[in-house]
Amino acid sequence: MSKKVMVAALTALSIQSIAAHAQQSAASYPTKPLRFVVGLAPGGATDIVARLIGQKLTEALGHTVIVDNRAGAAGSIAGAIVAKATPDGYTLHVVSSSFAINPSLHDLPFDTLKDFAPISLIAQAPFLLVTTPSLRVESVKDLIARAKAKPSTMHFSSGGYGGSGHLAGELFKRMAGIQVDHVAFRGGSPSVQAVIAGQVHMTFSAIVAGLQYWKAGRLRAHGVTSAKRSKAAPELPTIAEAGVAGYQVLTWYGILAPARTPREIVAKLSGAVSKIVSSPEIEQKFLNDGAEPVGSTPEEFRRHLVDEIARIEKLAKEIGLKAGKK
């Protein structure tokens with residue numbers, strides 16, 4: 001046997017051995033507790049989602065899922081931990097839509113696409129466009145007309161510079177062709193309270209909070225930011241159907257593994273998560289919070305990430321979004 005033939009044969013055997021080992025590992029996976037790393041403190045929306053899915057994944061896989069909160073540095077501490085973790089399926093990253101925003105705002109210690117293996121989307125939720133009652137607008141078209149009649153005299157609030165609510169407002173401005181100035185607050189609740197008090201004119205609120213104040217008569221609600229009407233408020237139109245064609249902004253949640261995690265393990269986790277979010281119990285829990293479950297394949301989640309990052313990068317350049325601004 002020639003040296004070339006021998007090398008080729010050994011290479012083939014090595015590849016077969018690696019593939020067989022990966023399949024064997026996936027078949028027995030998991031054999032110990034899993035860790036969900038979350039880049040926010042306990043009690044936030046991402047943490048709540050992680051604990052809900054972790055509890056059900058514990059039941060499905062027969063091994064405990066531990067939630068490890070590593071807040072700080074806009075989520076990059078948690079992201080770096082997962083990116084550098086052994087790619088064996090035991091250290092996973094539960095993220096929200098801010099994961100796709102951060103590359104446009106921060107120098108990250110990892111590559112958002114190259115250093116992770118998408119597993120599955122979990123859920124998504126629209127925002128609710130609300131205005132202060134004193135503005136006396138009845139619809140999205142009425143709001144746009146008012147803003148065009150008096151450019152730069154109206155303001156919209158958000159829960160923070162560069163957050164999803166801020167970007168929802170900036171995209172609305174551009175697509176509606178209006179000039180409304182942004183006022184950033186420290187969190188979604190102060191942002192909504194400022195609209196209730198009439199300090200600012202409008203905001204894109206988390207849907208549950210917005211609906212609560214709308215039903216109490218303290219805010220006016222004009223539309224949801226999803227492509228279709230929300231099950232939480234089917235009587236409200238989408239912003240697209242209310243006058244801004246093509247408008248859509250969602251907050252979403254998903255699970256990632258370190259890059260190079262065996263495909264068999266990724267597939268096993270993806271299937272388990274999709275099954276969990278399709279259960280009536282979990283669907284109802286998400287609906288109670290204005291969200292809808294959206295399990296996906298790893299490929300679908302990767303395409304979603306690529307599209308989201310590109311869309312946000314484009315908007316960030318157009319509006320001059322920069323880290324450190326207020």
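Tell me whether region 79-93 contains one or more residues that are outside any strand (DSSP E or B) and more than 27 Å from ILE265 (Cα to Cα). Spell out how you get there, then give the answer.
Residues of region 79-93 outside any strand (DSSP E or B): 79-90.
After this cut, where a residue has to be more than 27 Å from ILE265 (Cα to Cα) as well, the list is none.
Looking through region 79-93, none of the residues is outside any strand (DSSP E or B) and more than 27 Å from ILE265 (Cα to Cα).
Screening THR86 against (1) surrounded by fewer than 24 Cβ atoms within 10 Å (Cβ to Cβ); (2) closer than 22 Å to SER296 by Cβ; (3) among the β-branched types (Val, Ile, Thr) leaves a single unmet condition, (2). Of all residues in region 145-161, those that are assigned to a helix (DSSP H, G or I) and either of a type outside the set (A, V, I, L, M) or touching a Gly at 6+ places or on another chain (Cβ under 7 Å) (or both) total 2.
When GLY246 is tested against (1) modelled with pLDDT under 95; (2) surrounded by fewer than 20 Cβ atoms within 10 Å (Cβ to Cβ), only condition (1) is not met. Within region 172-188, being modelled with pLDDT of 95 or more, farther than 19 Å from GLU138 by Cα and within 24 Å of the chain's Cα centre (by Cα) holds for ARG174, MET175, HIS182, VAL183, ALA184, PHE185. Please find, within region 249-268, the residue that is surrounded by the fewest Cβ atoms within 10 Å (Cβ to Cβ) out of those that are out of contact with any Ser or Thr (no Cβ under 7 Å at 6 or more places or on another chain) and closer than 29 Å to ALA206 by Cα. Among those residues, the one meeting the criterion is ALA257. Name the single residue, out of those in region 173-202 being β-branched (Val, Ile, Thr) and touching a Leu at 6+ places or on another chain (Cβ under 8 Å), that is nearest to ALA125 (Cα to Cα). The extreme case among them is VAL192. Scanning region 162-177 for residues that are at negative phi, in a loop (DSSP other than H, G, I, E, B) and surrounded by fewer than 19 Cβ atoms within 10 Å (Cβ to Cβ) yields a total of 0.
Where helices (runs of 4 or more DSSP H) fall wholly inside region 234-326, the ranges with 1 or more residues that are within 21 Å of GLY39 (Cα to Cα) are 263-277, 280-288, 298-319. The residue pairs whose first member lies in region 28-42 and is of a type in the set (Phe, Trp, Tyr), whose second member is in a loop (DSSP other than H, G, I, E, B), and whose beta carbons are closer than 7 Å, counting only pairs six or more residues apart or on different chains, are TYR29/GLY89. Name every residue in region 94-142 that is in a loop (DSSP other than H, G, I, E, B) and in contact with a His (Cβ under 7 Å, 6 or more places away or on another chain), in order of residue number. If the condition is that a residue be in a loop (DSSP other than H, G, I, E, B) and in contact with a His (Cβ under 7 Å, 6 or more places away or on another chain), then THR132, SER139 are the ones that fit.
The values are calculated or read from the model by the stated rules, or taken from the named source; none is laboratory data. Just so it is clear, the structure is predicted and the values come from calculations on it, not from any experiment. All Cβ positions, glycine included, derive from the backbone under ideal geometry; neighbour counts span all protein chains shown.
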